[in-house]
Amino acid sequence: ATLTVLADAASCGTQFDKDFKKSLLTHAQLTPFTLHNPLAKRGLLPFAQFKIDELKVRGLEAVEQSLPFDEALVIRACHTSLHADMALESLEVLPWPPSDELTALLPAVAKLAAPTPGRPACVFF
């Protein structure tokens, strides 16, 4: 949600001044995440500042919510080294959201947070 708010603001030519940053704490799109979560609220402004600094250098690309490459393909390409380095018996890269069949087979999958760019959902068993 923070990236969406920043992208919208940047598209409108908003100045990312102190007042704007302060307004993020009460922004309608962000309060559902921060209202009852002190850790999220505490991390909001440092994260926003990091992304604002990136916006200045990279433009709107800095707040895109996708990667410029296929993350699953990269993980698959690294299969051999991941398999060896992590001492895995097997490694599977599956699409999100998981199928009902997989969720029934592995209940832990249903509890996973949805993957985001750069942060895949992982289950170890």
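What does the charge count around PHE50 come to, taking other residues whose C-beta lies under 13 Å from its C-beta (Lys +1, Arg +1, Asp -1, Glu -1)? My count for the surroundings of PHE50 gives +2. The Cα center of the stretch 104-125 and the Cα center of the stretch 8-80 differ in position by 22 Å. Expressed as an acute angle from 0 to 90° and rounded to the nearest 10, what is the orientation of the C-alpha long axis of helix 38-58 relative to the principal long axis of the chain? With both axes taken from Cα atoms, the answer is about 80 degrees.
Just to be sure I understand: if I project the alpha-carbon convex hull of the chain onto a plane and average over all orientations, what area do I get in nm²?
10.1 nm²
Between HIS79 and LYS41, take the C-beta separation as r, use R0 = 35 Å, and let me know the FRET efficiency to the nearest 0.05. Efficiency, from the Cβ-Cβ distance: 0.35.
Summary value for the chain: 20 percent relative contact order, contacts being C-alpha pairs under 8 angstrom separated by 6+ residues. Test of understanding: in a Gaussian network model of the chain with alpha carbons linked when under 10 Å, which of LEU55, LEU44, LEU106 would top the mean-square fluctuation ranking? Most flexible of the set in this elastic network: LEU106. In the chain, a dipole from Cβ-located charges (positive for Lys and Arg, negative for Asp and Glu) runs towards its positive end, and of LEU106, ILE75, LEU25 it is LEU25 whose Cα lies farthest in that direction.
Restricting the stretch 32-125 to GluC sites (Glu not before Pro) that sit in a DSSP loop and have at most 15 other Cβ atoms within 10 Å of their own Cβ leaves GLU64, GLU89, GLU92. When the alpha carbon coordinates of the stretch 82-125 are projected onto the principal axes, the ranges are 30, 25, 15 Å, largest first. Normalised by residue number, the volume inside the convex hull of the Cα atoms of the stretch 51-125 is 121 Å³ per residue.
For the stretch 33-93, the Kirkwood hydrodynamic radius comes to 14.9 Å, computed from all pairs of different C-alpha atoms. A Cα-only calculation for the stretch 1-72 places Rg and Dmax at 12.6, 39 Å.
For the chain, the tally of Lys pairs with Cα-Cα distances below 24 Å comes to 12, considering only residues 8 or more apart or on different chains.
Quick note: the coordinates plus some simple rules give every number you see, no bench work behind them. Predicted, not measured: the structure shown is a model, and the values here were computed from it. Glycine also receives a Cβ, built like all others from the backbone with ideal geometry; neighbour counts cover every protein chain displayed.
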